[in-house]
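Below: the structure, in structure tokens.
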Amino acid sequence: MKHFKVSLAGNNFAISGIVIMFFLLMFNSCSRQERKRIINFPKTELAEKNLIPKPLEIISSNNGFPLDEFTSIHTSANVEGFKEVGMFLADNIKLKTGLSLQINKDKKATIISINQLDGAETNSSEAYQLIITPDSIVLNSQTAAGAFRGIQTIRQIIPEISNDTLSENKIWVIPTGKIIDAPQFEYRGAMLDVSRHFFSVEDVKKYIDVLSYYKYNVLHLHLTDDQGWRIEIKSWPKLTEIGGRSEVGGESGGFYTQEEYTEIVNYAMARYITIVPEIDMPGHTNSASFSYPFLNGNGKSLEYYEGTEVGFSTLDTRKDSVYDFIDDVIREVSSLSPGPYFHIGGDESHVTKKEDYVYFVNRVEKIVQKYGKQMVGWDEVATANIDSTSIAQWWASKENIKRPWRRI
């Protein structure tokens with residue numbers, strides 16, 4: 001191997017050509033990173049970004065953070081959920097940019113740091129703080145849920161296309177500044193009606209992805225109605241064998257097995273979204289009564305229903321066996337739903353007599369509480385003598401509270 005003589009501080013050292021090449025390569029690599037870090041970014045305004053929902057406070061500092069192959073993600077160590085939040089961000093950055101960012105490995109030229117910080121500027125568990133400088137994005141939150149909300153903001157401020165004129169490598173320039181944010185409403189929900197029109201598991205997941213991007217934290221799944229029963233109940237299999245076959249417009253319908261429903265629940269939980277299941281009753285129950293005719297309380301012959309008119313169906317609210325059925329349904333669905341709420345519907349029971357409707361809601365509320373859930377119902381349930389812990393959810397008008405039993 002050929003050697004060279006060099007002089008350093010009066011002493012001679014033998015250094016191999018390979019060693020010299022190593023230091024030259026290291027110098028060039030560092031130089032590339034240093035050149036990238038001192039790029040004069042075009043003026044960018046964080047406050048001009050269209051963030052949804054709009055954060056509480058945005059302060060621009062008119063510079064740029066270079067998101068590129070020299071960026072890494074680091075999260076608080078030994079704190080539940082924070083590494084997973086970092087992985088979720090990395091996965092979505094890859095989908096948008098093609099970049100594969102390392103997580104909790106060697107620090108690179110620029111860093112996205114996701115930290116648990118007890119001294120956040122608000123007391124909300126979903127609050128977060130973003131501090132963006134030319135060489136770091138620091139996300140602080142008290143909880144992993146807050147950190148997850150914060151990375152949605154990061155996702156929204158990443159440009160759709162890279163700026164290929166600033167460096168040899170692609171750079172997505174993120175505007176610098178500070179964001180302080182916390183939700184105005186603790187419960188931020190959206191509903192998906194899978195009973196009138198069935199949606200596949202993958203479709204529901206896509207909907208959940210959209211909700212999480214905009215920081216929703218509740219998905220209300222309307223699982224049963226006149227047109228279809230969409231959740232498997234193992235103790236009453238005909239609900240899906242018969243009641244799951246139809247939907248509005250004559251399509252073939254469908255249903256979720258309990259394993260598929262659990263898959264949806266877990267997918268939502270990973271995005272800090274709570275599933276609220278709704279089993280609509282005593283009205284909106286044609287599919288249930290068609291599956292098990294003893295449930296029927298309107299005295300009419302039953303068939304598949306594929307229309308959109310409402311108010312014609314009701315359970316037999318004075319039959320004890322109906323409540324045995326309801327107990328089984330609430331028990332099975334509650335066991336699959338880790339959230340605190342169980343929605344009993346209760347709307348548009350137009351053919352249910354007033355006294356029967358009130359009796360029904362009072363009795364079903366106790367079954368919901370028996371399985372450790374908080375009862376939610378549409379505004380009509382307020383006509384019953386419901387417990388102070390139960391929730392009447394507004395959907396139409398105060399007239400529903402006065403006359404939910406209006407006949408059609």
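Read-outs: derived from the displayed coordinates by stated rules, not from any lab. This structure is a prediction, so every number in the text was calculated from the model and none was measured. Methodologically, a virtual Cβ is constructed for each residue, glycine included, from the backbone with ideal geometry; neighbour enumeration extends over all protein chains shown.
Post the alpha-carbon centroid distance, region 226-275 to region 172-189, in whole angstrom.
Computed from Cα coordinates, the inter-centre distance equals 34 Å.
Less than 12 Å apart at the alpha-carbon level, and either on another chain or at least 8 residues along: which aspartates and glutamates does that give for K354?
Excluding near neighbours in sequence, the set is E380.
Highest GNM mean-square fluctuation, the chain, Cα pairs closer than 10 Å: which of S335, S287, S349?
Evaluated over the chain, the most mobile residue of the options is S335.
Would you work out which of L95, A47, V204 lies farthest towards the positive end of the dipole of the chain, given +1 charges on the beta-carbon of Lys and Arg and -1 on that of Asp and Glu, about the Cα centre?
Farthest towards the positive pole: A47.
Taking the Cα centre of region 46-181 as the origin, how large is its charge dipole in debye, to the nearest 20, when only Lys and Arg (+1) and Asp and Glu (-1) carry charge on their Cβ atoms?
Approximately 120 debye in magnitude.
What list of ³J(HN,Hα) couplings, whole Hz, do you get for region 366-380 from phi and the Karplus terms 6.51, -1.76, 1.60, once you set θ to phi - 60° and write x for glycine and proline?
5, 5, 4, 5, 4, 9, x, 10, 9, 6, 10, x, 5, 4, 4
Can you tell me which of S388, S397, S313 moves the most in a GNM of the chain? Springs connect C-alpha atoms under 10 Å apart.
Result: S388 has the largest fluctuation of those listed.
Please get the size of the charge dipole for region 189-402, origin at its Cα centre, with Cβ charges of +1 on Lys and Arg and -1 on Asp and Glu, quoted in debye to the nearest 20.
520
Take every DSSP beta bridge whose two residues both sit in region 46-181, then give the antiparallel share in percent to the nearest 5.
If we restrict to bridges inside region 46-181, about 60 percent are antiparallel.
Of the listed peptides 369-379, 154-164, what is their order by residue-averaged count of other C-beta atoms within 10 Å, with the highest listed first?
Result, highest mean Cβ count within 10 Å first: 369-379, 154-164.
Compute the Rg/Rh shape ratio of region 189-402: radius of gyration over Kirkwood radius, all on alpha-carbon atoms.
0.94
May I ask for the distance between the Cα centers of region 305-326 and region 94-141, given as a whole number of Å?
Answer, in whole Å: 51.
Helix-only estimate, please: 222 nm mean residue ellipticity of the chain, summing -39500 (n - 2.57) across DSSP H runs of length 4 or more and dividing by its residues, to the nearest 500. Present the calculation step by step, with values, prior to reporting the outcome.
Working: 10 runs with 124 residues, N = 408.
Calculated from helices alone, the mean residue ellipticity at 222 nm is -9500 deg cm²/dmol.
Mind sorting out which of (i) 25.5, 111; (ii) 29.1, 109; (iii) 21.7, 68 is the real Rg and Dmax of the Cα atoms in Å computed from the coordinates?
(ii)
Looking at region 183-308, send over the antiparallel percent of its DSSP beta bridges, to the nearest 5. It would help to have the intermediate numbers written out before the result.
Numbers: 2 of 13 bridges.
Given both bridge residues lie in region 183-308, the antiparallel proportion sits at roughly 15 percent.
Once Lys and Arg get +1 and Asp and Glu get -1 on their Cβ, which of Y305, T383, W236 lies farthest toward the positive end of the dipole of region 189-402?
It is T383, whose Cα lies furthest towards the positive end.
With only Lys, Arg, Asp and Glu charged, each at its Cβ (+1 for the first two, -1 for the last two), find how big the charge dipole of the chain is about the Cα centre; round to the nearest 20 debye.
Details: 44 positive and 52 negative charges, 317 e Å.
Using only the charged Cβ atoms, the result is roughly 1520 debye.
Roughly what % antiparallel, to the nearest 5, for the DSSP beta bridges in the chain? Each step should come with its number before you reach the end.
Details: 28 of 59 bridges.
Once the DSSP bridges in the chain are tallied, antiparallel ones form about 45 percent.
For a Förster distance of 25 Å, can you work out the FRET efficiency between the beta-carbons of T389 and E202, rounded to the nearest 0.05?
0.10
Just tell me which lysines come within less than 21 Å, Cα to Cα, of K238; anything on the same chain fewer than 8 places away is out.
Those lysines meeting the cut-off are K300, K319.
Which one, I264, A288, S334, is farthest towards the positive end of the dipole of region 189-402 when Lys and Arg carry +1 and Asp and Glu -1 on their Cβ?
Most positive-ward Cα: S334.
Pick from L95, L211, L67 the residue whose mean-square fluctuation is largest in a GNM of the chain, springs joining Cα atoms under 10 Å.
Answer for the Gaussian network model of the chain: L95.
In the structure shown, do any of K105/K170; K54/K215; K205/K373; K83/K107; K108/K170 have a Cα-Cα gap over 18 Å, and if so which?
K105/K170; K205/K373, as the Cα separations exceed 18 Å there.
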